[in-house]
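Reading through the structure tokens given below for one structure.
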Amino acid sequence: MKKLFALLLGFAGVFVLSGCSPQDRSGTFYDTFVKPMDIALSKIHEYTGSWGWSIVIITLIIRLLVLPFMLNNYKIQNKARKGQELARPELEVIQAKQKAAREKEARAISNEEKMQARSELMEIQKEQFAIMKKYGANPMSLGGCLPLFIPLPFLTALFYTLSNPLYSAGIIDSTFLGIFNLGTRSYTLPVIAFIVYAIQTRLSMKMMPQVTQPGQEQMQQQMKLMQWLSPVMITIFSFWVAGAVAVYYIVGGLFLIFQTYVGHALYPPYVPEKQKKQTFDPNKVTLVSNKKKRK
């Protein structure tokens, strides 16, 4: 879900963050991010002599600068997954209580009975939040979302530069590897971009599996389907823009594959010890509220 949110946020940022179109060369965003990015790209070209390889290098530089923040994001997500797994026995008890409370509300005849059932549901929900807090099982934290925002202005600036270069205007009439036009729409590069991001999405789902809380299995399946929107959206978007932008997407996707491997190596998913399948007895599971009552 975060991945999809970051993708949508990135596309929105391309058109909204600067408050102007890629053809506009004025404003604070242009002076702060786009212009320096344009100049940096032209400087890199002075050494490489190839606009295509210059795009590759500047994309990798940005991704490398952001890498520590993204690895920290893997660390936070890994901690949240472990917490969700450790909290599972107590959350299963909570799920059973929620089901009973909802059934009680459905059977209620008087307003007093309904209010009592709703009050019980609210208390159960508070209990659920307390359990998640106890195990650090909430993945939606500021630390986990912050890395999604940090690269946005830089990547948006690079997109603007490639869409409307000034200091690096030579991109418009150049090719990459002698076959890909960088200044015009490409029909081959978007296909390559789709393959790269499809591999990255599949790899991310395989190496960084999501741990669902009890009762959220269906939601998890929907989130997995939504993750596949990323390759599709990037492919469609690559058809609309110049080949230079498609190269930027491809390089970024290849780096994400590398980043996924590094993140998995440093913070491998938590794997609980294999045990015989069993049901948890509510009377044998100590919840947060029960511990408070004993103090």
Meets criteria (more than 25 Å from Leu254 (Cα to Cα) and either modelled with pLDDT of 80 or more or surrounded by 15 or more Cβ atoms within 10 Å (Cβ to Cβ) (or both)) for Gln77:
no
Within the range 39-50, restricting to residues that are in contact (Cβ under 8 Å) with a residue 40 or more places away in the chain and open to solvent by 30 Å² or more (accessible area, probe 1.4 Å), the one that is nearest to Ala157 (Cα to Cα) is Ile39
Scanning the range 111-123 residue by residue, the ones that are surrounded by fewer than 16 Cβ atoms within 10 Å (Cβ to Cβ) and either basic (Lys, Arg) or over 30 Å from Lys79 (Cβ atoms) (or both) total 8
What's the number of the only condition in (1) modelled with pLDDT of 85 or more; (2) under 24 Å from Lys75 (Cα atoms) that Val247 fails to meet?
(2)
Within the range 80-110, the residues that are open to solvent by less than 60 Å² (accessible area, probe 1.4 Å) and closer than 15 Å to Phe129 by Cβ are Ala80, Gly83, Gln84, Ala87, Glu90, Leu91, Val93, Ile94, Gln98
Among the residues in the range 159-168, are any without any contact (Cβ under 8 Å) to a residue 24 or more places away in the chain and in a helix (DSSP H, G or I)?
no
Out of curiosity, is Lys126 more than 30 Å from Tyr267 (Cα to Cα), among the basic types (Lys, Arg), under 28 Å from the mean Cα position of the chain (by Cα) and surrounded by fewer than 18 Cβ atoms within 10 Å (Cβ to Cβ)?
yes
Sort through Ala106, Ala40 and tell me the only one that's out of contact with any strand residue (DSSP E or B) (no Cβ under 7 Å at 6 or more places or on another chain) and farther than 30 Å from Asp173 by Cα.
Ala106
Members of the range 51-65 found to be over 23 Å from Asn181 (Cβ atoms), open to solvent by 30 Å² or more (accessible area, probe 1.4 Å) and not basic (Lys, Arg), listed by number
Ile61, Leu64, Leu65
Please verify whether the range 112-122 includes one or more residues that are in a helix (DSSP H, G or I), under 31 Å from the mean Cα position of the chain (by Cα) and more than 30 Å from Met207 (Cβ to Cβ).
yes
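The values are calculated or read from the model by the stated rules, or taken from the named source; none is laboratory data. These figures come from a predicted structure and were not determined experimentally. Note that we place each Cβ from the backbone using ideal geometry, even for glycine, and neighbour counts take in every protein chain shown. For the accessible areas, the whole protein counts, side chains as well, though only heavy atoms, and no ligand, DNA or RNA atoms are used. Shrake-Rupley method; radii C 1.70, N 1.55, O 1.52, S 1.80 Å.
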